[in-house]
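The values are calculated or read from the model by the stated rules, or taken from the named source; none is laboratory data. Computed from a prediction, not measured in an experiment: that's the story for all the values here. We place every Cβ from the backbone using ideal geometry, glycine too, and count neighbours over all the protein chains shown. Side chains are part of the model used for accessible areas, which takes the heavy atoms of the whole protein and leaves out ligands, DNA and RNA. Shrake-Rupley method; radii C 1.70, N 1.55, O 1.52, S 1.80 Å.
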Amino acid sequence: MKILIVDDEKMALEDLHYSVLQALKILHQPQGEITATTSWKEALESAAVTSFDVAFLDISMPGKNGLELGKELTALRENLNLIYVTAYDDYAARANRLHISGYLLKPAEVDAIVDELKHLRYAVEQPGEEQGFRIRCFGNFEVFYEDKPVHFRRQKTKELFAYLIDKNGASATADEICHAIFENDEKDVSHKNTLRVLAMELKQVLTAHGLKEAYTHTRNAYSIRPELLDCDYFRYLKGEKELYQGKYMEQYEKWAYI
């Protein structure tokens with residue numbers, strides 16, 4: 001879920017940003033991406049390059065109020081869910097005529113935000129959600145689709161995926177990966193050739209589950225995009241510490257640790 005928050009008052013913006021983050025945690029939305037700004041100009045610039053799903057807009061802003069901004073944002077993305085936030089309730093009737101998704105009074109309570117996100121006017125598809133693709137790192141590393149283990153033709157392909165998950169979006173070179181997932185430490189050209197095969201298979205597996213964009217490979221850099229994957233480790237890093245149950249990627253303990 002990609003969220004835009006606009007409020008010209010910095011403190012109010014920070015408060016709402018924090019509350020939205022808490023609401024996303026309650027809703028178990030680790031893929032949530034938030035862009036927060038005090039400038040309606042920056043909001044429009046961001047919306048021109050990012051397809052936001054939800055926009056929380058303060059109504060009373062200088063230069064261009066939230067109602068006007070909402071019209072321009074929906075011109076860029078027709079199915080954008082507009083949720084207006086204001087200290088006054090006398091805007092409600094005007095806002096509702098714009099076919100908005102929701103309306104909140106300041107200070108917006110976390111529970112109220114959760115309720116609005118549960119009842120959006122336009123449904124939001126989560127990456128991988130329609131396929132039920134999820135990753136478990138605590139205990140043994142496993143990948144599931146509709147609660148059934150995803151099949152990897154080679155166990156080393158699964159280990160390559162685990163290694164990139166462990167990197168949490170950071171790039172890894174071929175040498176780094178080979179040193180970690182192959183048995184001996186000596187540089188071996190055959191290992192790099194094998195890595196190319198493993199990388200191709202990983203790309204095929206993710207593509208088959210609608211997650212082609214979750215894997216990237218440019219020259220000698222391999223990585224994944226955490227925001228596109230449902231993974232307990234990523235959720236743990238975002239604050240859900242209760243997910244730490246058992247060892248971390250137990251079968252890969254030679255290189256996996258937190």
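For this structure, a couple of remarks:
- Scanning the stretch 206-228 for any residue that is in a helix (DSSP H, G or I), among the β-branched types (Val, Ile, Thr) and surrounded by fewer than 19 Cβ atoms within 10 Å (Cβ to Cβ) turns up at least one such residue.
- So ALA170, is it touching a Ser or Thr at 6+ places or on another chain (Cβ under 9 Å), under 27 Å from ILE3 (Cβ atoms) and open to solvent by 20 Å² or more (accessible area, probe 1.4 Å): yes
- Residue in the stretch 146-157 that is surrounded by 15 or more Cβ atoms within 10 Å (Cβ to Cβ) and in a strand (DSSP E or B) present: no
- Evaluation of CYS231 against (1) at pLDDT below 90; (2) under 20 Å from the mean Cα position of the chain (by Cα) (one fails), failing number: (1)
- Meets criteria (more than 20 Å from GLN251 (Cα to Cα), open to solvent by less than 20 Å² (accessible area, probe 1.4 Å), modelled with pLDDT of 95 or more and part of a helix (DSSP H, G or I)) for GLU201: yes
- Subset of the stretch 66-84 that is assigned to a loop (DSSP other than H, G, I, E, B) and open to solvent by 50 Å² or more (accessible area, probe 1.4 Å) - its residue that is nearest to VAL110 (Cα to Cα): ASN79
- Leading residue by the ranking (surrounded by the most Cβ atoms within 10 Å (Cβ to Cβ)) among those in the stretch 113-130 that are part of a loop (DSSP other than H, G, I, E, B) and either modelled with pLDDT of 80 or more or aromatic (Phe, Trp, Tyr) (or both): LEU120
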